[in-house]
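Since the structure comes first, as structure tokens, the remarks are kept for the end.
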Amino acid sequence: MVVNTNLESGQKEKQADCSFKSCFIDGIREFEIQDLDEVYEIYCYYVDHSNYNLDLTPESKETFLNSIVSNPDFPFLVAEYDGKIIGYGTAHHYRPKAGYQHTAELTIYFEPSNHHGLSHALADTLTNILRMQNVRQEIGCITASNKPSIAMGLRRGFKEYGRLKDAAIKAGEFCDVVWMSRVIQNGDAQKASDLKDFIPYSVLKSYSGKTLN
């Protein structure tokens, strides 16, 4: 993966200011280790009670935590309401090859209750940060039965670009998978040559000299 880890000082200061002063929306913050039990509970719920997550059995808590801390390229965010974690979200590279560096696949889960308006706040915060990282396109891979997530994607400007019929099997049933995406950098007309290299989140964060919480 080709990344930019050597920003000029002027660009560094400008991006740090934007990323850390304005990207985070109230109720959304970075994951902290004390959040693990609540975040893991949300993950396990969707593995055990739905085909929205296509893991057949939950990962161990240790494996789940390792997937968080071993991903320095993207933020891992939580939504907190009244002192309780009610959702989480992150992103990962769509594919590991360098040519895909400007495309990120999203992962967002909320507990099955009132989201208190924070589902869009989390998605907006994630998008704000991805823009600062020079990501151009967001992608969602959604089980077709997950109509709420598909509807949310459409409301947020995602378009459906394909369905893979019977792409997965869970609980003895076939699952269709929907691919959605949207451009988040200056529209479809932007020239590829205009794009700057992807900036890992750990690098972007280090420029601020302060924590995000």
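Key figures
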{"quantity": "Qualifying positions in the stretch 132-173 - polar (S, T, N, Q) and within 30 Å of Ile199 (Cβ to Cβ)", "calculated": "Gln133, Asn134, Gln137, Ser149"}
{"quantity": "Among the candidates Ile28, Ile33, Ile42, Ile68, residue that is at pLDDT 95 or above, more than 30 Å from Asp176 (Cα to Cα) and surrounded by 14 or more Cβ atoms within 10 Å (Cβ to Cβ)", "calculated": "Ile28"}
{"quantity": "Single residue of the stretch 81-127 satisfying the filter (of a type in the set (Phe, Trp, Tyr) and touching an Asp or Glu at 6+ places or on another chain (Cβ under 9 Å)) that is modelled with the highest pLDDT", "calculated": "Tyr88"}
{"quantity": "Unique match (being of a type outside the set (S, T, N, Q) and farther than 25 Å from Ser145 by Cβ) among Pro75, Pro112", "calculated": "Pro75"}
{"quantity": "Matching residues in the stretch 93-125 - criterion: being under 30 Å from Ala192 (Cα atoms), touching a helix residue (DSSP H, G or I) at 6+ places or on another chain (Cβ under 9 Å) and not in a loop (DSSP other than H, G, I, E, B)", "calculated": "His93, Ala104, Leu106, Ile108, His120, Ala123"}
{"quantity": "Pick from the stretch 64-92, criterion charged (D, E, K, R) and part of a strand (DSSP E or B), ranking: farthest from Met132 (Cα to Cα)", "calculated": "Lys84"}
{"quantity": "Some residue of the stretch 125-145 being farther than 25 Å from Val177 by Cβ, touching a residue at least 12 places away in the same chain (Cβ under 8 Å) and charged (D, E, K, R)", "calculated": "yes"}
{"quantity": "Cys175, sole failed condition from (1) within 27 Å of Leu118 (Cβ to Cβ); (2) out of contact with any His (no Cβ under 8 Å at 6 or more places or on another chain); (3) modelled with pLDDT of 95 or more; (4) surrounded by 12 or more Cβ atoms within 10 Å (Cβ to Cβ)", "calculated": "(1)"}
{"quantity": "Breaking point among (1) within 25 Å of Val135 (Cα to Cα); (2) surrounded by fewer than 16 Cβ atoms within 10 Å (Cβ to Cβ), for Ser50", "calculated": "(1)"}
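The values are calculated or read from the model by the stated rules, or taken from the named source; none is laboratory data. Note that the structure is predicted; figures quoted are calculated from it, not measured. In this analysis, Cβ positions are derived from the backbone assuming ideal geometry, glycine residues included, and neighbour counts consider all displayed protein chains.
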